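Engineer: Dropping a structure here in structure tokens format, bear with me for questions.
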């Protein structure tokens, strides 16, 4: 259960960062927009692991001998991508003062692609999918709401640091998975 919570937090860090940015530019109707965007992020972060889980279940017997290496590499790549994005300021999507529905869908999809890959790992390790997606969706929603609130209150103070935190969390989980399978 603790792994699921840490994975959910790691996955939600990119939506947290996006939410801080959204909160920092949208002051009008912040509660309404915050709930709507957080719900959208949560729904996408819930659906994508299910799709990945279905894919992972299909190939489970084929790759069970190398699953820990796959999980490690995927978490490492995603984590490094998140860190690289923050260090190179690639989250400058928020120059607009008005965020429309299409942009929100695009942001929700883009921030949930890594959840698809995590869903494949969930299938490989036999984690109960409904528990995992429930935790992932709830954590994403809550961290998105917190991010919007922080963005509105703190403006640009946190905006470019959350990907680094999320990336480190995912890499750490990947290392833990690898060492558990290789040494224990």
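The values are calculated or read from the model by the stated rules, or taken from the named source; none is laboratory data. Everything numeric here is computed off the predicted structure, so don't read it as measured data. Here the Cβ positions follow ideal geometry from the backbone for every residue, glycine too, while neighbour counts run over all protein chains shown.
Engineer: Among the residues of the range 88-110 satisfying the criterion of being at pLDDT below 80 and in contact with a helix residue (DSSP H, G or I) (Cβ under 7 Å, 6 or more places away or on another chain), which is surrounded by the most Cβ atoms within 10 Å (Cβ to Cβ)?
Structural biologist: Per the criteria, the residue is 107.
Engineer: Please work out if residue 77 is modelled with pLDDT of 80 or more and part of a helix (DSSP H, G or I). Break it down into steps so the answer makes sense when it comes.
Structural biologist: On the way: modelled with pLDDT of 80 or more: yes; part of a helix (DSSP H, G or I): yes.
Answer is yes for this residue.
Engineer: Whether any residue in the range 17-40 is modelled with pLDDT of 80 or more, more than 27 Å from residue 180 (Cβ to Cβ), crowded, with 21+ Cβ neighbours inside 10 Å and within 11 Å of the chain's Cα centre (by Cα) is what I want to check.
Structural biologist: Within the range 17-40, not a single residue is modelled with pLDDT of 80 or more, more than 27 Å from residue 180 (Cβ to Cβ), crowded, with 21+ Cβ neighbours inside 10 Å and within 11 Å of the chain's Cα centre (by Cα).
Engineer: Quick one: would you say residue 16 is closer than 19 Å to residue 151 by Cα and touching a helix residue (DSSP H, G or I) at 6+ places or on another chain (Cβ under 7 Å)?
Structural biologist: Working: closer than 19 Å to residue 151 by Cα: yes; touching a helix residue (DSSP H, G or I) at 6+ places or on another chain (Cβ under 7 Å): yes.
Answer is yes for this residue.
Engineer: Kindly indicate whether residue 135 is within 14 Å of residue 6 (Cβ to Cβ), modelled with pLDDT of 75 or more and under 15 Å from the mean Cα position of the chain (by Cα).
Structural biologist: On the way: within 14 Å of residue 6 (Cβ to Cβ): yes; modelled with pLDDT of 75 or more: yes; under 15 Å from the mean Cα position of the chain (by Cα): yes.
In short, yes.
Engineer: Just to be sure I understand the filter: pairs with C-beta atoms under 6 Å, separated by 6 or more residues or on different chains, first member in the range 165-184 and more than 20 Å from residue 85 (Cβ to Cβ), second member assigned to a helix (DSSP H, G or I) and at pLDDT 80 or above. Which pairs pass?
Structural biologist: Between residues of the range 165-184 that are more than 20 Å from residue 85 (Cβ to Cβ) and residues that are assigned to a helix (DSSP H, G or I) and at pLDDT 80 or above, the close pairs are 177/72; 178/72.
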